[in-house]
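S.K.: Can you keep this structure in mind? I'll have questions shortly.
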Amino acid sequence: MTYFQVNRKLLLMKIHYFFGIGGYAFTPFLTIVSKQRGYSAFIVGLIFMLQPIPGMLMRPIVGAVTDKYKCRRSMFIANSIIMFVLVCLLSIIPGTTTKEEMNDLDVIKSPLFWMFFTTLVLIKMVGMAKTVLEDTICMDLLGEDKNNYGKQRLWGSIGWSLFAIISGASVDWYSAGLEYKNYAPGYVIAMLCFLLDIYVVFNLKVVQENDTKIVASDVKKVFTEGKVLAFLLWVVFIGFFMSFIWYFVFWYLEDLSNEFHPETKSWMKTLQGTSLLIQCFGGEVPSFLFSSYILKRVDHMTILSIVFFTFTCIFSSYTIIENPLWALPVELLNGITFAMSYSAAISYAALITPVGAEGTLQGVVGTAYIGIGAPIGSIVGGYMFKHIGSIATFKLLSMVAFVTCAIQIIVNFILRRLSKNDDVKDMNTNVQTKDDNIKEDINLTT
């Protein structure tokens, strides 16, 4: 019974994750919205490559500024309000609807494209800043129980999945009889979520010590350690692979529908929403729930090895599927990869963070994940989808993921051996120092 008791201190944090992340449930549909506007796979990949770059720069800056000036709460509230305004703006941007793919140059020249693109960039930038703030606040509220992060973050997955299936079904219902899908219900649901989240954030307790000083040398020392640099590299690769799942799986499902099962077109948005529901409830929620138990017993780097192997299985599965319905079981693995990799990344960053630099380190890890890895994956994915097709893209990705997994395991093994040798050297140095002190005391006594 104790396990199910509500921790009142963390209750509002859970509610924030539910609405604050649930509001983003419309974002997986943005690639299909772009496709419906006549944009090619390359243009869509270019959009989602460039989209996180301002946020990549903003994220560590926000972390460092809020660490130094102790303004985390006010910055958090401002971000929540701005996000609501931007989604309102996105919902009213006019756009063409066409079955024909527009010329890439014509798209770039269109003012509507730049209005659409700029709004997406601002949403991503504010969202990335908001993420580092909410994760840092959550870690501060957890105190010594940082491995319990997943139990808080899982409510974001619950909100995301519920609002995704509701949004997808609403879009299909609202678009019945229409030639093109009307995504207005999805935008309305997102606006309601972010509006409720503003109220929650206003009432959320933010713990930030005023007398903590950040020692720059301590932060610099962290980033000169080989194991930390390797960890950040693997996080970049995970962001790269995750971008294909975030931005191109829906495109892939529509390709399967067009080529093999056109009868699924009329309820494709419901199917896509269901895929997110399965991904979150079947994969993310259990993984976040048990992440604290797993991270206490399994090394963070070993978790990443498992994640890379899972990517290999996911991408291999996509190459043999013809019916979009059979892609749904694969979504279980997609949920596991995100939840376990994100929990491992956030908790590891919290463990190595010097006192007072919590936001700075979370910002750097988030930048590696979403600001570097995901943009690279977006442009590469857009190019590959356009020139070799979705199935061939996933076939190549499965091989890349397997090679990455093998290299990561080898590097992890080498770093562990080097770490053990350093520990032995430190131990010998300490013993020698003690012996020298004893001899010096004997000489003084004599």
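The values are calculated or read from the model by the stated rules, or taken from the named source; none is laboratory data. Computed from a predicted model, the values in this text were never measured in an experiment. When we count neighbours, we look across all protein chains shown, and the Cβ atoms used for this are built from the backbone with ideal geometry, even at glycine. The protein model used for the area step is the full one, side chains on, heavy atoms only, and it has no ligands, DNA or RNA in it. Shrake-Rupley method; radii C 1.70, N 1.55, O 1.52, S 1.80 Å.
S.K.: Quick one: what pairs do we get from the stretch 105-131, first residue surrounded by fewer than 19 Cβ atoms within 10 Å (Cβ to Cβ), second at pLDDT 90 or above and not in a helix (DSSP H, G or I), C-beta under 8 Å, 6+ apart or different chains?
M.R.: Note: pairs meeting the criteria are 112/93; 115/93; 119/93.
S.K.: Output the qualifying pairs, or none if there are none: Cβ atoms under 7 angstrom, residues six or more apart or on different chains, first residue in the stretch 39-53 and within 9 Å of residue 379 (Cβ to Cβ), second residue among the charged types (D, E, K, R).
M.R.: From the stretch 39-53, the pairs are 42/104; 42/386.
S.K.: Which ranges mark the helices (runs of 4 or more DSSP H) fully within the stretch 1-89 that have 3 or more residues being open to solvent by 10 Å² or more (accessible area, probe 1.4 Å) and under 16 Å from residue 120 (Cβ atoms)? Before you say what the answer is, go through the steps one by one.
M.R.: Values: elements: 8-22, 30-36, 41-50, 53-69.
Answer list for the stretch 1-89: 30-36, 41-50, 53-69.
S.K.: Quick check on the stretch 143-159: of everything there that is at pLDDT 85 or above and out of contact with any Leu (no Cβ under 7 Å at 6 or more places or on another chain), which residue is most open to solvent (accessible area, probe 1.4 Å)?
M.R.: 155
S.K.: Related question: Those residues that are modelled with pLDDT of 90 or more and of a type outside the set (Val, Ile, Thr), I need them from the stretch 388-411; list them, please.
M.R.: 392, 394, 395, 396, 397, 398, 399, 401, 402, 405, 406, 408
S.K.: Sticking with this one: Restricting attention to the stretch 294-309, does a residue exist that is more than 22 Å from residue 231 (Cβ to Cβ) and of a type outside the set (Val, Ile, Thr)?
M.R.: No, the stretch 294-309 contains no residue that is more than 22 Å from residue 231 (Cβ to Cβ) and of a type outside the set (Val, Ile, Thr).
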